[in-house]
Amino acid sequence: MTTFRTTPHWRQTEAASSRCWDALIPLVPLVVYSCVYYGLRPLYVTLIAVAAAMGFEILGYALQMKRAPLTDGTAAVTGGVIGLAMSPIVPYWVPVVACGVAILAAKLPFGGRGRNLFNPAAAGLAFVTVCFPVQMFTYPDSERSIADLSQVVTQTSPAALMQAGATPSYSPMDIVLSNFPGPIGSVMIILVACILYLFVRRASSPWIVLPFIGTCALYAALFPRVSSGVGASVLLELCAGYLMLTAVFLLADPVTAPRHWLARCVYGVAAGILVMLLRRVGKFEEGACFAVLLCNMFADTLDRNCWKLCYHLPRWLKKKRGGAVDA
């Protein structure tokens, strides 16, 4: 008789650690590409977030009289993902606050690496989104380098324009190359390469990522928020905000995602629907972090029910046809 020995959020820490080091590599080209547009400030934001996450990890373990396992890379990935979801001109204290919530509230209370129920980066982003939305969603002009924050020219992002009912006027090439205001890591062409790399390294599950992206694209095609056509709607929805960043780093987190293949597909589809609904009716221009946290809550339930369905349905069909059922 087959049974579940552990719930999905209780993972083997060795497997989670090896995947984290693979996830660190794609962060580098995303930061480098953003520095081409904005100068070195995106690099500073990301490095501060990584350092803050590792620092809070050391603090949390010190309070427990334990040694922080920083070599597993989980804290660095959390900080890196939080940094990539930030605006290039975000105050440096905002990613620090997000990392503090991620590590001290969403990770360590559940047992540390490989045992957290909620994705730590998503929790940190959700907190600063609710508390500091102005700092989170104020973006500079994508065609100007950031030399002096007092002279930065801000510009409305495509996600905010679509939320307000307007149609962003960007060419398809500008959208693909992310030549528009947005988070540091919202570079479509590089994120696609990151997805392929993580698939090859088996550090990310296509059973989650592909249904998620497909659901978001289908929703954008069926219920467009722009008047420039279905293709433009799909392209804008996928490239605006940190939706693709969510697909690569947040949703497919092996610690908080289901393990059964069917559960992962349902998980990805549900997350895609939630993200698009939150974009349409939510208060913030980007609510992907909230969708990830909601889906994390049901990962265990999806795993168990999808396993039961795949195990019992073939037996029931075989019994209905009059065949012998294996013990």
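Out of V234, V209, V187, V176, report the one residue that is under 30 Å from P258 (Cα atoms) and open to solvent by 20 Å² or more (accessible area, probe 1.4 Å).
Details: V209 fails: open to solvent by 20 Å² or more (accessible area, probe 1.4 Å); V187 fails: open to solvent by 20 Å² or more (accessible area, probe 1.4 Å); V176 fails: under 30 Å from P258 (Cα atoms).
Just one listed residue meets the conditions, V234.
Taking region 60-108 as the search range and keeping residues that are under 16 Å from G185 (Cβ atoms), aliphatic (A, V, I, L, M) and in a loop (DSSP other than H, G, I, E, B), which one is nearest to the chain's Cα centre (by Cα)?
A85
A quick yes/no check of all residues on (1) of a type outside the set (D, E, K, R); (2) open to solvent by 20 Å² or more (accessible area, probe 1.4 Å); (3) within 22 Å of Y197 (Cβ to Cβ):
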| site | (1), (2), (3) |
| --- | --- |
| Y33 | yes, yes, yes |
| L40 | yes, yes, no |
| Y44 | yes, yes, no |
| A49 | yes, no, yes |
| F56 | yes, yes, no |
| G60 | yes, no, no |
| M65 | yes, yes, no |
| G73 | yes, no, yes |
| A76 | yes, no, yes |
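Name the residues in region 273-302 that are under 24 Å from A98 (Cα atoms), in contact with a Pro (Cβ under 7 Å, 6 or more places away or on another chain) and in a helix (DSSP H, G or I), would you?
The one that is under 24 Å from A98 (Cα atoms), in contact with a Pro (Cβ under 7 Å, 6 or more places away or on another chain) and in a helix (DSSP H, G or I): A299.
Looking at region 153-188 only, could you name the residues that are part of a helix (DSSP H, G or I) and free of Cβ contacts under 8 Å to residues at least 40 places away in the same chain? Steps first, please.
Of the residues in region 153-188, the ones part of a helix (DSSP H, G or I) are 158-163, 172-176, 188.
Result: L161, M173, D174.
Report whether or not T215 is touching a helix residue (DSSP H, G or I) at 6+ places or on another chain (Cβ under 7 Å), of a type in the set (S, T, Y) and under 21 Å from G114 (Cβ atoms).
Details: touching a helix residue (DSSP H, G or I) at 6+ places or on another chain (Cβ under 7 Å): yes; of a type in the set (S, T, Y): yes; under 21 Å from G114 (Cβ atoms): no.
When the stated conditions are applied, T215 does not pass them.
From the list P314, P254, which residue is at pLDDT below 95, more than 30 Å from F223 (Cβ to Cβ) and open to solvent by less than 60 Å² (accessible area, probe 1.4 Å)?
Numbers: P314 fails: open to solvent by less than 60 Å² (accessible area, probe 1.4 Å).
The conditions single out P254.
Mind counting the residues in region 246-305 that are touching an Asp or Glu at 6+ places or on another chain (Cβ under 9 Å), closer than 28 Å to A164 by Cα and of a type in the set (K, R)?
Within region 246-305, residues that are touching an Asp or Glu at 6+ places or on another chain (Cβ under 9 Å), closer than 28 Å to A164 by Cα and of a type in the set (K, R) number 1.
Given P91, P109, which one is open to solvent by 30 Å² or more (accessible area, probe 1.4 Å) and free of Cβ contacts under 8 Å to residues at least 24 places away in the same chain?
Matching residue, one of P91, P109: P109.
Might you let me know whether region 207-224 holds any residue that is outside any helix (DSSP H, G or I) and either over 16 Å from V292 (Cβ atoms) or not polar (S, T, N, Q) (or both)?
yes
State all residues of region 247-270 that are touching a residue at least 60 places away in the same chain (Cβ under 8 Å) and in a helix (DSSP H, G or I); if no residue qualifies, say none.
Within region 247-270, V248, F249, L250, G268 qualify.
Among the candidates G287, G272, G229, G241, single out the residue that is on the phi > 0 side of the Ramachandran plot and surrounded by 20 or more Cβ atoms within 10 Å (Cβ to Cβ).
Working: G287 fails: on the phi > 0 side of the Ramachandran plot; G272 fails: on the phi > 0 side of the Ramachandran plot; G229 fails: surrounded by 20 or more Cβ atoms within 10 Å (Cβ to Cβ).
Testing whether each residue is on the phi > 0 side of the Ramachandran plot and surrounded by 20 or more Cβ atoms within 10 Å (Cβ to Cβ) leaves just G241.
Given (1) at pLDDT below 95; (2) open to solvent by 10 Å² or more (accessible area, probe 1.4 Å); (3) out of contact with any Asp or Glu (no Cβ under 7 Å at 6 or more places or on another chain); (4) closer than 24 Å to I25 by Cα, identify the lone condition not met by R201.
(3)
Of the residues A263, A270, A299, only one is under 27 Å from A76 (Cβ atoms), hydrophobic (A, V, I, L, M, F, W, C) and touching a helix residue (DSSP H, G or I) at 6+ places or on another chain (Cβ under 8 Å); which?
Numbers: A263 fails: under 27 Å from A76 (Cβ atoms); A270 fails: under 27 Å from A76 (Cβ atoms).
Result: A299 is the single residue among A263, A270, A299 that is under 27 Å from A76 (Cβ atoms), hydrophobic (A, V, I, L, M, F, W, C) and touching a helix residue (DSSP H, G or I) at 6+ places or on another chain (Cβ under 8 Å).
The values are calculated or read from the model by the stated rules, or taken from the named source; none is laboratory data. What you see is a predicted model, and the numbers here were worked out from it, not measured in a lab. Don't worry about glycine lacking a Cβ; one is built from the backbone with ideal geometry, like all the others, and counts go over all protein chains shown. Areas reflect the complete protein model, heavy atoms only, side chains present, ligands, DNA and RNA absent. Shrake-Rupley method; radii C 1.70, N 1.55, O 1.52, S 1.80 Å.
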